[in-house]
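Peer 1: Have a look at the structure that comes next, please.
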Amino acid sequence: AALGRSPRRLSGKEAARASALGVLAAFPQARGVAADLGGGSLELTTIGRDAGGEPTFGQGVTLPLGTLRLPELRAGGEADFARLVRKGLRDAGWRGGSSGGEPLFLVGGSLRALALRAMEKLDWPIDDPHGFEVPPREALRFCNAIARGKLAGTAHRITASRLASLPDAAALLAVLVRELAPSRLVFSSWGLREGLVYGRLDKATRGADPMLCGVAAFVGGMGVASSLGAMVAGWTAAASTVADAREENLRLAACLLSLAAMRSEPNFRAEEATDWALRKRWIGIDARDRAMLASAVLANSGLTAPPAELLRLAPEADLRRAAGWGLAIRLCRKLTGATAGALAQTALDRTPEGLVLTLRDPWHALRSESVAKALRQLADWVGCPARIDLAPAAG
């Protein structure tokens, strides 16, 4: 009140919906169950989107299984604890399963601490727990070891209070995995607060690609305009292959990050851009997508061999496709300097005879050995011949 605000306490149902909405904001295509573990309770909410892309919520329950209650509930042993959780689900009317074997999205500080511990144990190439995924069988093995105190070691970036709650949170998660039978577990750093903000956005803003918006905002701070990235993406389209519309947005993001990387010190350009791809808090992106972004920005610097850490995150074929994006961006940069005038008077096309790079007069002078070499490298990568055509000025 002293700040001119009127705080309102959310009901359990409102808090569960807000947290679930935060998950949908972070993972636009999410469908499954959102589980938010707080100090006093656990909320489970089925989530999805309708045909118009609007968030939908199915069954939702609130259970008195918060981290502050778990030590007492586990005092009778693991078998009794599992029975208590199962009874709580039944009494709350939970119908069982995670929407037919769909993902379980995990929200809450104790659950993120579990993710951090698992990532450290696996020596995971990405250090942000947001978006970290683990198969149910592996999650069960890990949770059982934590719950029984059998996974010793140093826990970095986990506070002492969170560290103390790990065995209890792990024991609860193990029961949930067995009872809900999800297809995979996905950890989310977005929850109640982000859901409340997302719910106040207009429909057009909610419908925007959060990954592209985040990348555009980041590179904008470095003086790279989204419109320029779109021009480079258009210029390189003929030499680039994508699997779907989502991947086309990823290619545009790769163009933006590659252009921003050229503002960095040359000796650290590739390393810094790779760090952006793998470690910045991008939203609406998974480990595979991050690895593809990294592969593209590395190829933009001429490095096409996939590092071992990327091969842990994505299939080699996907990394190779993304490297092709980077090589096309590299050619575009070397030829045009990513300037609007040069982009408008040059073109890269893929014809039955191979890649054709066209330069209109008076831009013929842009032809150089460096450009020819970049074109040959790209053509070899996509497996076709290439040539440079010098065309007259546009009439």
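The values are calculated or read from the model by the stated rules, or taken from the named source; none is laboratory data. Given the structure is predicted, the values throughout are model-derived calculations rather than measurements. As a convention, Cβ positions derive from the backbone with ideal geometry for all residues, glycine included, and neighbour counts pool all protein chains shown. Remember, those area values only see protein heavy atoms, side chains included, never the ligands or the DNA or RNA. Shrake-Rupley method; radii C 1.70, N 1.55, O 1.52, S 1.80 Å.
Peer 1: Limited to region 357-383, what total is found for residues that are without any contact (Cβ under 8 Å) to a residue 60 or more places away in the chain and closer than 14 Å to residue 241 by Cα?
Peer 2: Adding up the residues that qualify gives 2.
Peer 1: How many residues does region 230-269 hold that are closer than 19 Å to residue 317 by Cα, open to solvent by 60 Å² or more (accessible area, probe 1.4 Å) and either at pLDDT 95 or above or not in a helix (DSSP H, G or I) (or both)?
Peer 2: 4
Peer 1: Also, quick follow-up: Only residues that are under 20 Å from residue 21 (Cα atoms) and either free of Cβ contacts under 8 Å to residues at least 24 places away in the same chain or touching an Asp or Glu at 6+ places or on another chain (Cβ under 7 Å) (or both): list them for region 96-132, please.
Peer 2: Of everything in region 96-132, those that are under 20 Å from residue 21 (Cα atoms) and either free of Cβ contacts under 8 Å to residues at least 24 places away in the same chain or touching an Asp or Glu at 6+ places or on another chain (Cβ under 7 Å) (or both) turn out to be 107, 108, 131.
Peer 1: Continuing with this model, one more query. Working only within region 19-28, note down all residues that are open to solvent by 10 Å² or more (accessible area, probe 1.4 Å) and assigned to a helix (DSSP H, G or I).
Peer 2: At the first step, the residues of region 19-28 found to be open to solvent by 10 Å² or more (accessible area, probe 1.4 Å) are 21, 27-28.
Within region 19-28, just 21 meets the criteria.
Peer 1: Sort out which residues of region 114-130 are surrounded by 23 or more Cβ atoms within 10 Å (Cβ to Cβ), touching a helix residue (DSSP H, G or I) at 6+ places or on another chain (Cβ under 7 Å) and not charged (D, E, K, R), and write them in order of number.
Peer 2: 114 - this is the single residue of region 114-130 that is surrounded by 23 or more Cβ atoms within 10 Å (Cβ to Cβ), touching a helix residue (DSSP H, G or I) at 6+ places or on another chain (Cβ under 7 Å) and not charged (D, E, K, R).
Peer 1: Tell me whether region 273-286 contains one or more residues that are open to solvent by less than 30 Å² (accessible area, probe 1.4 Å), among the polar types (S, T, N, Q) and touching a Cys at 6+ places or on another chain (Cβ under 9 Å).
Peer 2: no
Peer 1: Check off (1) of a type in the set (D, E, K, R); (2) touching a helix residue (DSSP H, G or I) at 6+ places or on another chain (Cβ under 9 Å); (3) not in a strand (DSSP E or B) for residue 36 and give me the number that stays unchecked.
Peer 2: All conditions pass for residue 36, except number (3).
Peer 1: Scanning region 357-395 for residues that are of a type in the set (Ser, Thr, Tyr) and under 14 Å from residue 346 (Cβ atoms), which turns out least open to solvent (accessible area, probe 1.4 Å)? If you could, list the steps in order and put the result at the bottom.
Peer 2: So in region 357-395, the residues of a type in the set (Ser, Thr, Tyr) come out as 358, 368, 370.
Next cut, under 14 Å from residue 346 (Cβ atoms) only: 358, 368.
Values: 358: 29, 368: 47 Å².
My answer is 358.
Peer 1: Return the pairs, sorted by first residue and then second, in which the second residue is hydroxyl-bearing (Ser, Thr, Tyr) and surrounded by fewer than 17 Cβ atoms within 10 Å (Cβ to Cβ), the first residue lies in region 334-356 and is touching a residue at least 60 places away in the same chain (Cβ under 8 Å), the beta carbons are less than 9 Å apart, and the residues are 6+ apart or on different chains.
Peer 2: Within 9 Å, the pairs are 340/227; 346/358; 347/358; 348/358; 349/358.
Peer 1: In region 206-225, how many residues are open to solvent by 60 Å² or more (accessible area, probe 1.4 Å) and at pLDDT 95 or above?
Peer 2: Keep residues of region 206-225 that are open to solvent by 60 Å² or more (accessible area, probe 1.4 Å), which gives 207, 213, 217, 221.
Those left that are additionally at pLDDT 95 or above: 213, 217, 221.
Looking only at that region, the number is 3.
Peer 1: If you check residue 67 against the conditions, is it open to solvent by 50 Å² or more (accessible area, probe 1.4 Å), touching a strand residue (DSSP E or B) at 6+ places or on another chain (Cβ under 7 Å) and not basic (Lys, Arg)? Quick ask: steps written out before the conclusion?
Peer 2: On the way: open to solvent by 50 Å² or more (accessible area, probe 1.4 Å): no; touching a strand residue (DSSP E or B) at 6+ places or on another chain (Cβ under 7 Å): yes; not basic (Lys, Arg): yes.
Here the answer is no, as residue 67 does not meet what is asked.
Peer 1: Take residue 380 and decide whether it is among the charged types (D, E, K, R) and in a strand (DSSP E or B).
Peer 2: Criteria not met by residue 380.
Peer 1: The conditions are (1) touching a residue at least 24 places away in the same chain (Cβ under 8 Å); (2) of a type outside the set (D, E, K, R); (3) touching a Leu at 6+ places or on another chain (Cβ under 7 Å); (4) part of a helix (DSSP H, G or I), and residue 224 fails exactly one of them. Which is it?
Peer 2: (4)
Peer 1: I need a count of the residues in region 66-95 that are over 11 Å from residue 44 (Cα atoms) and either among the hydrophobic types (A, V, I, L, M, F, W, C) or assigned to a loop (DSSP other than H, G, I, E, B) (or both).
Peer 2: Restricting attention to region 66-95, the residues satisfying the condition of being over 11 Å from residue 44 (Cα atoms) are 66-88, 90-91, 93, 95.
Still in the running and either among the hydrophobic types (A, V, I, L, M, F, W, C) or assigned to a loop (DSSP other than H, G, I, E, B) (or both): 66-70, 73-77, 79, 81-82, 84-85, 93, 95.
Going through region 66-95 one residue at a time, the tally reaches 17.
Peer 1: For region 87-106, name all the residues that are surrounded by 15 or more Cβ atoms within 10 Å (Cβ to Cβ), modelled with pLDDT of 95 or more and not hydrophobic (A, V, I, L, M, F, W, C).
Peer 2: Correct list: 88, 103.
Peer 1: Give region 341-356 a look and list any residue that's open to solvent by 30 Å² or more (accessible area, probe 1.4 Å) and hydroxyl-bearing (Ser, Thr, Tyr), or say none.
Peer 2: The initial filter retains those residues of region 341-356 that are open to solvent by 30 Å² or more (accessible area, probe 1.4 Å), namely 341, 344-345, 347, 349-353.
The answer is 351, and nothing else.
Peer 1: Taking the stated definitions as given, is residue 6 over 18 Å from residue 85 (Cβ atoms) and either at pLDDT below 95 or open to solvent by 20 Å² or more (accessible area, probe 1.4 Å) (or both)? Outline the logic, then answer.
Peer 2: Values: over 18 Å from residue 85 (Cβ atoms): yes; either at pLDDT below 95 or open to solvent by 20 Å² or more (accessible area, probe 1.4 Å) (or both): yes.
Answer is yes for this residue.
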